[in-house]
1. I'd like to check something: does segment A:266-281 contain any residue that is farther than 29 Å from A:Arg184 by Cβ, aromatic (Phe, Trp, Tyr) and in a strand (DSSP E or B)?
2. Under 7 Å by Cβ, and 6 or more places apart or on different chains, what pairs join a residue from segment A:256-270 that is without any contact (Cβ under 8 Å) to a residue 40 or more places away in the chain and exposed (fewer than 15 other Cβ atoms within 10 Å of the Cβ) with one that is outside any loop (DSSP other than H, G, I, E, B) and not hydrophobic (A, V, I, L, M, F, W, C)?
3. Pairs only if they're at least six apart or on different chains, beta carbon under 7 angstrom, first in segment B:12-25 and in contact (Cβ under 8 Å) with a residue 24 or more places away in the chain, second of a type in the set (Ser, Thr, Tyr); list them, first residue then second.
4. Identify, please: which residue in segment A:7-33 is out of contact with any Phe, Trp or Tyr (no Cβ under 9 Å at 6 or more places or on another chain) and of a type in the set (S, T, N, Q) and is, among those, nearest to the other protein chains (Cβ to nearest Cβ)?
5. Got a sec? Which of A:Leu52, A:Leu36, A:Leu64, A:Leu43 is more than 10 Å from every other protein chain (Cβ to nearest Cβ), in a helix (DSSP H, G or I) and of a type outside the set (Gly, Ala, Ser)?
6. Check whether at least one residue in segment B:76-89 is at the interface with another protein chain (Cβ under 10 Å from one of its Cβ atoms) and either over 25 Å from A:Ser31 (Cα atoms) or at pLDDT below 85 (or both), and report yes or no.
7. Of everything in segment A:233-265, what is of a type in the set (S, T, N, Q) and over 19 Å from A:Ile192 (Cα atoms)? Give them in sequence order.
8. Evaluate segment B:4-23: report whether one residue or more is assigned to a helix (DSSP H, G or I), among the acidic types (Asp, Glu) and under 17 Å from B:Asp69 (Cα atoms).
Amino acid sequence: MMTEAQQEQAALYALDLMSAQEAAAFEHELSAHAELQALVRELRDAAAAMALAVPRSVLPSEGLKSRVMDQIAEEAARNEPVNIIRPPRSVFSVVVPWAIAAAFILFCGVLALDRAKLADQLAAEQSAKEDHLAQERSTSEQRLAQERAMFETRLAQERKTFDQRLALENAKMEKRLADERAARAASLPMLIALAPAEGAPAKAQAVVAFDPSTQTGTIKISNLPAAAAGKDYQLWAVDAAHKDPISAGVVRVDANGVAQVQFKPTEAAREVKAFAISLERQGGVPKKEGPILLVGTV
Amino acid sequence: MIDPSQEAANRQLIQRIAAGDQQAFSALYDRLSGPLFSLAMQMLGDEAEAEDALQEVSLQIWRRAATYDAERSKVFSWAVMMTRSKAIDRLRARGRRQRIVAGSTDEEEGTRDYASDAENASDTSVRNDDAVRVRSALRTLPNEQRQAIEMAFFNDMTHAEIAEQNSEPLGTVKARIRRGLMRLRDGLQ
């Protein structure tokens with residue numbers, strides 16, 4: 001019994017439509033299936049019969065058959081043993097071949113001598129050619145080595161110069177980056193909490209909000225008792241670019257110890273490190289004199 | 001070639017060729033060269049190339065006659081498949097396959113000209129009878145089945161290529177090839 005799938009494979013196989021792998025697998029199946037083998041044969045014959053349906057308007061040339069027949073005759077001749085027909089031998093036929101052979105040997109001897117002479121000549125020429133080539137090769141190698149050494153020296157110099165330039169550029173770049181980073185940090189608004197210093201009222205506290213770009217700020221103080229008569233609290237900005245703290249003005253608290261004051265340092269404070277409140281003479285001083293009561297670092 | 005007596009004669013010739021009989025080869029050449037050349041012409045579309053292909057196949061028959069296996073196929077089928085294979089090699093080697101395929105599809109697939117049952121005067125009456133039988137068997141096939149097996153046989157198109165060209169499922173094309181070929185076989189028996 002045969003399945004449709006087997007019939008289909010047989011049809012594809014008969015028309016050579018299978019890949020090599022598919023055909024190999026099918027042939028394996030085919031080898032053990034007589035009925036399938038018969039079907040493949042029938043389908044292949046049916047497919048081949050289609051060649052008969054092609055209209056035969058043109059025939060192969062007569063010359064083609066002659067060429068094919070000549071070729072097979074030639075092939076047949078190559079494969080067949082050669083039959084040699086020998087004539088009857090006579091005294092003359094014995095002597096003459098020997099004479100020819102002797103003459104041939106003599107001739108070969110002369111040729112051999114000549115060949116030896118030629119071989120020597122060729123060897124000498126070959127040797128001279130090889131010496132010349134060896135010399136040329138040596139010269140080329142020396143020149144190559146010199147050029148290579150020069151090239152390597154120049155390369156090393158260029159590499160050194162390049163490395164130096166690169167290091168310089170790197171250093172410049174790093175410095176610029178650091179500067180930019182510091183400038184950016186310094187220009188950002190900051191919020192600093194001020195805590196009591198030693199000897200100051202323990203509950204006193206203050207918060208400073210300062211914007212370096214506008215150089216303005218606000219301080220909010222609480223729990224700081226009012227300054228004694230003849231005294232005032234003064235706010236200071238400690239700046240890295242200034243030797244002394246920069247005054248940001250006098251701050252007065254109310255009866256509850258509270259104050260909220262806007263301020264502007266008397267000089268530009270670009271690199272603020274801390275804010276502090278000190279107790280100074282009434283009206284404030286240009287340079288800090290009194291004790292620090294509250295302080296907060298950035 | 002379909003006629004059993006013709007096939008028997010072909011086999012006898014092949015046996016003699018295997019033994020080196022050049023006269024037998026000449027006789028077989030006379031019997032097969034017409035249809036083989038027509039097939040090569042149909043596939044290659046060039047007379048010189050078709051002659052070259054036939055020359056190669058003829059030499060192959062001479063050299064391989066001893067390996068011919070009557071259990072696998074008829075002598076005629078063996079020679080046809082060798083010719084088809086040579087023609088395909090040439091088509092592939094010269095990159096002309098696309099052109100031939102395109103040309104064949106332009107002439108409307110399924111309308112291959114089998115109209116003329118009358119052959120060239122050089123054909124023998126036996127060959128004419130065979131051709132008539134094959135053509136009438138092909139005409140009994142549904143168009144899509146005939147088209148599928150012709151595209152595969154003459155145009156060297158795989159079932160996948162036929163499916164792609166006709167925008168049809170691969171399974172449908174495979175089934176058509178199977179049905180068409182089996183029906184052709186039945187029609188020729």
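1. Taking every residue of segment A:266-281 in turn, none turns out to be farther than 29 Å from A:Arg184 by Cβ, aromatic (Phe, Trp, Tyr) and in a strand (DSSP E or B).
2. Close Cβ pairs satisfying both conditions: A:Val258/A:Ser222; A:Thr266/A:Ser247.
3. Sorted first by the residue in segment B:12-25, then by its partner, the pairs are B:Ile14/B:Tyr68.
4. A:Gln7
5. From the options A:Leu52, A:Leu36, A:Leu64, A:Leu43, the qualifying one is A:Leu36.
6. yes
7. Result: A:Asn256, single match.
8. Looking for residues that are assigned to a helix (DSSP H, G or I), among the acidic types (Asp, Glu) and under 17 Å from B:Asp69 (Cα atoms), one finds at least one in segment B:4-23, hence yes.
The values are calculated or read from the model by the stated rules, or taken from the named source; none is laboratory data. Because the structure is predicted, anything quoted here is derived from the model rather than measured. Ideal geometry is used to build each Cβ from the backbone, glycine not excepted, and the neighbour counts take in all protein chains shown.
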